[in-house]
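Q: Once you've had a glance at the structure underneath, I'll fire off some questions.
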Amino acid sequence: MIGDFMPTFFEKKQLVTPGELLAEGDYLPGENTYVEAGKIYASRIGLVDSENKKVNVVALRAFYVPKMGDIIIGTVTEVGFNGWTVNIKAPYTAMLRASDVLARPFKPQNDELSQVLTAGDLIVAKIASFDRAHDPQLTVGEPGLGKITRGQILHVTPTKIPRIIGRKGSMISMIKQETNCQIILGLNGVILVTGKNLEDEELAIFVIRKIEEESHTSGLTDRITQLLKEKKQVKVEEKVE
Amino acid sequence: MNEKQEKLIDKKGIRLDGRKADELRPVKLQVGVLGNADGSAYIEHGKNKILAAAFGPREVHPKHLMQADRMVLKVRYHMAPFSVQERKSPAPSRREVELSKVIKESLEPALFLELYPRTGVDVYVEVLQADGGTRCAAITAAALAIADAGVPMRDLVVGCAAGKVDDTVVLDLYDAEDKLGVADVPVAYMPSLNAITLLQMDGILDPEEFEKAVNMAMEGCKKIYEMQKEALKTKYMVVKEVEE
């Protein structure tokens, strides 16, 4: 090495595999990378990118790891004595406490939990607490959270959620506006789409699938806007006829 | 002894199956072959045919195996009844239990076990056809399956054996050489980190021969490693092309 020359061993958006050497020297390890003897390696299959001095790998395959404050969509799997167990598509199963849902002290002799939520119900919830020693606790005590009564659910890879949100929410707010749908993005890769009619929902789902497929390409927001406008045009024409 | 010598390697140094001393058997790898597993891989290493499936990280069953401070890796190595000439009983044999442990321990150094405490990753290795060196091929396939499941890894692990047949140190023994040969040294290796995760020896070698065998096996691992990376990339490359 001459002077402050610091080598990297990748091109932008190159596909890398676990164990591939990415950079050496004065770089910071970002997502899906690790440091061994001063060298940065990839730890997942994905596309490399560097921002300033940080080397990131955008994983093509990963799973959701709960984080405090995340909004997620889960399925109730079991009704327990004082709460519910919820599948949140993570390595850990989450718990939702009865007192949190009822918003008053829970009395087992008065309250029948299965009348509030039963196995198979879908809920929008927030991760209230989670650490290395305890399974995640959920809460629904905030506006917008709780049992899902209508709409459609779709599953995507959790790593694709940031792309669907877009820079400062540009992508998702555009889709909401163009399709007249309410969209809730669970950070665990579960998405709820609720619209006034089936067609709107279907359009929103179609667009989200499209983003999932083309997540790594640039200028995606503009292309998706274009696509939505075209689709809507077709629909208007059909109605006129 | 003389009889064996002429049997396994001819005067030109060519082995019974036509390979040179330092030549690998043909290897074919494929990733993502199973729909229900989180990650999967298939390997054809010579006449070996092995499937590997990975699940997780998920809850550990049975519960008492759960570790409060780290993820547990469970490996089941199993040979199908039709994988060998004589029917093999489908019940796990002493050998299979041992190999499951050996494969588990050779994969563990590649995983960040401390990152996901109280969870488990399950790997199922199914040998469909065996022809010597299945533990090595199983490690190669299992590492791919785990990477395909999206579990973070330090490096892919590659398995390859070397050994001594007649008077020669050779690479990648197949069934007949394994049974009639002098020694067998299976090695599992993480090429990027230059770390050996499995080293066994069955037979007798002098120190020079042993060193030669280990180095030969490591060279073999590096060759398979390239194919492994290629196989993993191929699965996701297809996805990328569809997008474009």
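Just so you know, all these numbers are worked out from the coordinates, no wet-lab data involved. Treat the numbers as computed from the prediction; the structure is a model and nothing was measured. Cβ: placed from backbone, ideal geometry, glycine included. Neighbour counts: every protein chain shown.
Q: What shape does the range A:152-240 take by its C-alpha gyration tensor, where a ≥ b ≥ c are the square roots of the eigenvalues and a/c under 1.5 counts as rounded, a/b above b/c as prolate, and the rest as oblate?
A: Since a/c reaches 1.5 but b/c is at least a/b, the shape of the range A:152-240 is classed as oblate.
Q: Stretch B:Gln85-B:Glu59 to full length: gain in nm at 0.36 nm per residue minus the Cα-Cα span?
A: 5.6 nm
Q: So for the range A:85-150, averaging the separation of alpha carbon pairs under 8 Å that are six or more residues apart and normalising by length, what relative contact order in percent results?
A: 35 percent.
Q: Here is a further query. Under 19 Å from a point 7 Å along the Cα-to-Cβ line of A:Arg104: which residues of the range A:71-93 have their amide N that close?
A: Only A:82-83 pass the distance filter.
Q: Show the residues, 5+ positions off or on another chain, whose built amide H is closer than 5 Å to the amide H of A:Gly83.
A: Result for A:Gly83 returns A:Ala98.
Q: Also, quick follow-up: Local charge sum around B:Met71 (other residues, Cβ-Cβ under 13 Å, Lys/Arg +1, Asp/Glu -1)?
A: Cβ neighbours under 13 Å give a net charge of +1.
Q: Taking the Cα centre of the protein assembly as shown as origin, work out the dipole magnitude from +1 charges on Lys and Arg Cβ and -1 charges on Asp and Glu Cβ, in debye rounded to 20.
A: Using only the charged Cβ atoms, the result is roughly 1080 debye.
Q: Moving on. Counting other Cβ atoms within 10 Å, keep those with at most 15, restrict to DSSP loop, and tell me which trypsin sites (Lys or Arg not before Pro) in the range B:47-82 are left.
A: Passing both the DSSP loop test and the Cβ count: B:Lys47.
Q: Out of the GluC sites (Glu not before Pro) in the range B:47-111, which ones are loop residues according to DSSP with at most 10 other C-beta atoms within 10 Å?
A: B:Glu86
Q: Tell me the GluC sites (Glu not before Pro) within the range A:20-128 that lie in a loop according to DSSP and have at most 10 other beta-carbon atoms within 10 Å.
A: Those satisfying the criteria are A:Glu112.
Q: Another question about this same structure. Anyone know which of B:Leu99, B:Leu51, B:Leu156 comes out most mobile in the 10 Å Cα GNM of chain B?
A: B:Leu99
Q: Only residues of the range B:147-182 count here: report those whose backbone N is under 13 Å from the spot 7 Å along Cα→Cβ of B:Lys212, or say none.
A: Answer for this model: B:163-171.
Q: Please report the antiparallel percentage of DSSP beta bridges with both residues in the range A:71-147, rounded to the nearest 5.
A: DSSP beta bridges in the range A:71-147 are roughly 90 percent antiparallel.
Q: What is the calculated FRET efficiency for A:Thr77 to B:Glu230, with r their C-beta to C-beta distance and R₀ = 60 Å, to the nearest 0.05?
A: 0.90
Q: Still on this structure: Under the definition of partner shielding as Cβ atoms of other protein chains within 10 Å of a residue Cβ, what is the mean value for peptide A:31-43?
A: Counting Cβ atoms of other protein chains within 10 Å of each residue's Cβ and averaging gives 3.
Q: Moving to a separate point now. Could you tell me what percent of the DSSP beta bridges with both partners in the protein assembly as shown are antiparallel, to the nearest 5?
A: Bridges in the protein assembly as shown that DSSP calls antiparallel: roughly 85 percent.
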